[in-house]
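Single-structure report; data block below.
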Amino acid sequence: MSAGALVAADGLAAGYGGPPVLQGVTFAVKAGERVAVLGPNGGGKTTLFRTLLGELRPSAGTVVRPPRIGVVPQTERSRLDFPVSALDVALMGTLSTLPWWRQPGRADRRRARRALADVGLADRMHRTFGDLSGGQRQRVLVARALVQDAPVLLLDESYVGLDAPSVDLLDELLATLTAQGRALLIATHDVDQARGWERVLCLNRRQVAFGAPADVLTRATLEATYGGEIVELPGERCVLPPHHHDHA
Ligand SMILES: Nc1ncnc2c1ncn2[C@@H]1O[C@H](COP(=O)(O)OP(=O)(O)OP(=O)(O)O)[C@@H](O)[C@H]1O
Ligand SMILES: [Mg+2]
């Protein structure tokens, strides 16, 4: 199943030392695919990402991954009190590619500036990170991930708390990154958004489904993923109630 995949899992189980919190995960993602990773709070989305990153060792199964994976973590949004600029944050992305004895140099700064320009923030480079809007901060974090030049990007609930214009900008950016041949896994609580992407992975402590949105986003699958939390809209579309998420 993983032939030609940039990132894949087969029979993956993971956890934190006790019984696995996530199991039975089998998927393969190719270049040019956006994957919506859906699941309730505690469903295992972040645990999957940490396992793909190599932070957690699988307790069963295998992972196929490239040497470098970029990540926009879920927890970063709370750390807004560092007096660092957008450029400083983007530069942090170069650290993981440098040998331990080297400081970022001029070429690294150039890469960081280019990445900020690529996410549409060339004119915000010297602003303090914490003073940027939520959407701008997410794009700085995407820039930081881009600096690592990774073919696979993991975005852990990057859309939470963004206003509509910021959502559109991030959508556009992710479409561009996908068109460039990257694979993106995006943890989200927005079922409607998932319909527009190439693949959907549903997790609820185990894998409920993986496949094309039209096959996966059925009422039965969404019920198995979210329990009773889904709402039916006219036209047989299922969505989550807007108050569902509370992380911001
Ligand atoms: N560091 C940890 N140590 C022990 N258990 C953890 C740890 N982090 C998460 N868990 C547990 O693993 C399970 C899956 O959590 P995870 O954070 O992967 O869910 P999630 O789908 O990302 O949820 P959310 O939507 O709230 O971000 C939960 O039961 C959680 O309590
Ligand atoms: Mg999470």
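Structure notes:
- Taken over the stretch 69-110, the criterion of being open to solvent by 80 Å² or more (accessible area, probe 1.4 Å) and modelled with pLDDT of 90 or more is satisfied by 109, 110.
- Scan of the stretch 1-35 for residues that are touching a Leu at 6+ places or on another chain (Cβ under 8 Å) and under 24 Å from residue 171 (Cβ atoms), ordered by number: 7, 27, 29, 30, 31, 33, 34, 35
- Candidates 161, 120: the one that is surrounded by fewer than 21 Cβ atoms within 10 Å (Cβ to Cβ) and within 16 Å of ligand 2 (Cβ to nearest atom) is 161.
- Test set (1) at pLDDT 90 or above; (2) open to solvent by 20 Å² or more (accessible area, probe 1.4 Å); (3) of a type in the set (Lys, Arg) - residue 45 fails condition number: (2)
- Every condition in (1) within 15 Å of ligand 2 (Cβ to nearest atom); (2) open to solvent by less than 30 Å² (accessible area, probe 1.4 Å) is met by residue 53 except one, and the failing one is (2).
- Each residue in the stretch 134-158 was checked for being farther than 15 Å from residue 91 by Cβ and either within 14 Å of the chain's Cα centre (by Cα) or surrounded by fewer than 18 Cβ atoms within 10 Å (Cβ to Cβ) (or both), and 12 pass.
- Of all residues in the stretch 15-42, those satisfying the criterion of being open to solvent by 20 Å² or more (accessible area, probe 1.4 Å) and closer than 18 Å to residue 240 by Cβ are 41, 42.
The values are calculated or read from the model by the stated rules, or taken from the named source; none is laboratory data. Predicted model, so just to flag it, every value in this text is computed and none were measured. Positions of Cβ are backbone-derived with ideal geometry, glycine not excepted, and every protein chain shown enters the neighbour counts. Surface accessibility is based on the protein's heavy atoms, side chains included, excluding ligands, DNA and RNA. Shrake-Rupley method; radii C 1.70, N 1.55, O 1.52, S 1.80 Å.
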